[in-house]
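Step one of this worksheet: look at the structure below.
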Amino acid sequence: MAEFVIEFGKDGRPVEPDGRLDAAAFHRNHQPIWAVLERLLAGKSGDVVEAGSGTGQHAMYFASRTPDITWWPSDFNEQHLRSIEAWRAHAGLPNIRPPLRIDLSDPVWCPQMRDGGQGSSLAAPGPLLAVLCANVVHIAPWRVAEGLFAGAGRYLRADGRLVLYGPFKRDGKHTAISNAVFDTSLRDSNPEWGVRDLADLEKLAAAAGLVLIETVKMPANNLMLVFGRNTPG
Ligand SMILES: C[S@@+](CC[C@H](N)C(=O)[O-])C[C@H]1O[C@@H](n2cnc3c(N)ncnc32)[C@H](O)[C@@H]1O
């Protein structure tokens, strides 16, 4: 089994006849991620975009736990978009919308979100309660992190949160030897990829009017990073 997955459905894991894909990591990490999200989202309602949803399993699970929140999963990979939609049909939940085709390297994300959805016949979320992005920015070029933060700065509401999950460096150093090994394997696969440094992400945040407000240590040397507006309303 590959240590990281670029494209689900090509990694030897099962593909259901309806297109639902299964990510091994989902089964390991969805409960720890939920434990943090549950606290952040408690008592809140509104729209949440998941950026780079992959199979769609996280969005489905979190939607099942948050009936007052509308989830908008997204990706730019066709097979992943099909899987997300298949999971959505399978779950039959009222609070999960069809996947948005978002290319995170575009700071606008997708045409229907530009200008609050005006001028588009496609459904779009309103000002966002949160953006969740798990295990994406290290398996993508830096411009994806740039677009993620720029879009979050554009679309988050005053009390909104951008939440990242994954491995990160601190002060230029890996937090574990396993993360250094992982980083090398990522860069060997694609020189534009790699475990990102918190300080570099904080610079992107600042440019988008956001600030790091919480860092949560997670199992397997991962972190959850919570960003909010630097001038909350
Ligand atoms: C390692 S997977 C993580 C998927 C899911 N968040 C998870 O934790 O299981 C990375 C995801 O990022 C998506 N991705 C990569 N580059 C992207 C981009 N430019 N725009 C949107 N999604 C992108 C991939 O298609 C893939 O679904």
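Side notes on the structure shown:
- Tally of residues being surrounded by fewer than 18 Cβ atoms within 10 Å (Cβ to Cβ) and under 11 Å from F149 (Cβ atoms) across the range 192-211: 6
- The selection criterion, being open to solvent by 20 Å² or more (accessible area, probe 1.4 Å), closer than 17 Å to P73 by Cα and of a type in the set (S, T, N, Q), does not hold for N221.
- Here the condition is being open to solvent by 40 Å² or more (accessible area, probe 1.4 Å) and within 13 Å of the ligand (Cβ to nearest atom); of E16, E38, E7, it holds for E7 alone.
- Verdict on A86 being touching a residue at least 40 places away in the same chain (Cβ under 8 Å), surrounded by 14 or more Cβ atoms within 10 Å (Cβ to Cβ), in contact with an Asp or Glu (Cβ under 7 Å, 6 or more places away or on another chain) and farther than 24 Å from E146 by Cβ: yes
- The number of residues in the range 183-214 being closer than 16 Å to R170 by Cα and assigned to a helix (DSSP H, G or I) comes to 9.
- The range 130-150 residues that are farther than 24 Å from D188 by Cα and away from the ligand (no atom under 11 Å from the Cβ), paired with ones that are open to solvent by 10 Å² or more (accessible area, probe 1.4 Å) and in a helix (DSSP H, G or I) (beta carbon under 9 Å, 6 or more apart): A130/L40; A130/L41; V131/Y155; F149/L204; F149/A207; A150/L204; A150/A207
- Flag if L21 is touching a residue at least 60 places away in the same chain (Cβ under 8 Å) and either over 15 Å from the mean Cα position of the chain (by Cα) or on the phi > 0 side of the Ramachandran plot (or both): yes
- Matching residues in the range 46-56 - criterion: being open to solvent by 10 Å² or more (accessible area, probe 1.4 Å) and more than 7 Å from the ligand (Cβ to nearest atom): G46, D47
- Which numbered condition F182 fails, given (1) under 21 Å from A23 (Cβ atoms); (2) in contact with a helix residue (DSSP H, G or I) (Cβ under 6 Å, 6 or more places away or on another chain): (2)
- Figure legend. Inter-residue proximity from the range 169-195: first residues under 20 Å from V216 (Cα atoms) and basic (K, R), second residues in a helix (DSSP H, G or I) and open to solvent by less than 30 Å² (accessible area, probe 1.4 Å), beta-carbon distance below 7 Å, spacing 6+ or different chains. Indicated pairs: K169/L198; R170/L198.
- Selection within the range 92-109 - open to solvent by 50 Å² or more (accessible area, probe 1.4 Å) and not in a loop (DSSP other than H, G, I, E, B): R101
The values are calculated or read from the model by the stated rules, or taken from the named source; none is laboratory data. Keep in mind the model is a prediction, meaning the values are calculated, not measured. No Cβ is skipped: glycine too gets one built from the backbone with ideal geometry, and neighbour counts run over all protein chains shown. Side chains are part of the model used for accessible areas, which takes the heavy atoms of the whole protein and leaves out ligands, DNA and RNA. Shrake-Rupley method; radii C 1.70, N 1.55, O 1.52, S 1.80 Å.
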